[in-house]
Amino acid sequence: MEQHKSFSTSLQRITVIDALRGFALLGVILTHMWQHYGIFSFSGMGQNEPLFPQLDEALRWLLQNAIMGRFINIFAFLFGLSFFIQMDRASKKGIDFRKRFLWRMAILFIIGIIGNCFYTGDILSIYAVFGVLMVFLYKCKNWILIVVITLLLIGLPRILTVSYNQMVKVEQTTNTGTAQTLENRPAVRPQPSNMEKPSFLNSAKNNLTIGLERKLNYQFGLFGRGYITLALFILGLIIGRMRFFEQVEIQKKRNFILFAGFVLAVVVVNWIVGLFPPQDTRIFMRPDADISPALLEL
């Protein structure tokens, strides 16, 4: 009798991925704790001096250099990797998982929007949209995905946006004789806004309008964090295709060489960056910035 195909048929889990996922979640929680979960102003509360300033400084350095941003990157990478594992294992059972995955992303998007009513820094809705894109990228060859990752990491979407804004600015200057300031909302992390009548409904409305706009501006505007996240999603897909974590227990020498190579690369890159004068390169991403003086200072 032919075995019935089912999503529930169990397959062996990859323990190291489960461990990394838990490790990444812990790091994300620690980062948000340090950032006070997006609450950056405390009206009526003074800043107290730490009881142990040296320990406080050491912990701050550890959070900034070893935790903040790193675990969020790992979590995004694991999302892309988990996407491949789900698609691949369903394919081995003869099941097309794309519709089920899209349904899951729809549910995740709804959960993200509900979460955004309470906390504007919620990332689930962004992950859901990227998850939909991953379905369309799944059949692409690795070299195409690598090109996409490279373009995202070098900031091509932001370069195109800035170039367009500069062209509009030049055109306005030519037509009116005066440069019109383009609409520029600072791409800062979402922060709570003051409301005339604080209530849950007003807070939710504020978070789903102004707060959501600020989040999108942070993800795809000046900081461009969303493009990095999407690149990590795609990288997870590629690593999944290579069966890297399925062989991690038997390829210990390879893992050690890769680890040493990554550590050396970090040291070299930081050394090269230190050779250049300090420069806030994000000024190039401002829609109303005159980038010529900034370029001359480099």
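Couple of notes before you dig in:
- Flag if K205 is at pLDDT 60 or above and over 22 Å from the mean Cα position of the chain (by Cα): yes
- Unmet requirement for T181, which otherwise passes all of (1) at pLDDT below 90; (2) under 30 Å from I29 (Cα atoms): (2)
- Candidate set: region 94-151, residues that are in contact with a helix residue (DSSP H, G or I) (Cβ under 8 Å, 6 or more places away or on another chain) and of a type in the set (S, T, N, Q); chosen: the one farthest from Q35 (Cα to Cα): N142
- Single unsatisfied condition, Q172 versus (1) more than 30 Å from L201 (Cβ to Cβ); (2) at pLDDT 90 or above: (2)
- Hey, F244 outside any helix (DSSP H, G or I) and modelled with pLDDT of 80 or more or not: yes
- Cβ pairs under 8 Å, 6+ apart, first in region 55-74 and of a type in the set (G, A, S), second part of a helix (DSSP H, G or I): G69/T31
- Against the conditions (1) surrounded by 15 or more Cβ atoms within 10 Å (Cβ to Cβ); (2) over 19 Å from R214 (Cβ atoms); (3) of a type in the set (A, V, I, L, M, F, W, C), I123 satisfies every one except (2).
- Taking helices (runs of 4 or more DSSP H) as the structural unit, those lying wholly within region 56-166 and holding at least 3 residues that are more than 27 Å from E246 (Cβ to Cβ) and modelled with pLDDT of 90 or more correspond to 98-118, 124-137.
- Flag for G211 being of a type in the set (G, A, S), assigned to a helix (DSSP H, G or I) and outside the structural domain of S163 (by TED's automatic domain parsing): no
- Filter pass, F75 being assigned by TED's automatic domain parsing to the domain that holds R21, in contact with a helix residue (DSSP H, G or I) (Cβ under 7 Å, 6 or more places away or on another chain) and within 24 Å of T15 (Cα to Cα): yes
- Filter pass, F276 being farther than 26 Å from G112 by Cα and modelled with pLDDT of 85 or more: no
The values are calculated or read from the model by the stated rules, or taken from the named source; none is laboratory data. Every value quoted in this text rests on a predicted model; they were computed, and no experiment measured them. Neighbour counts run over all protein chains shown; Cβ positions are idealised from the backbone, glycine included.
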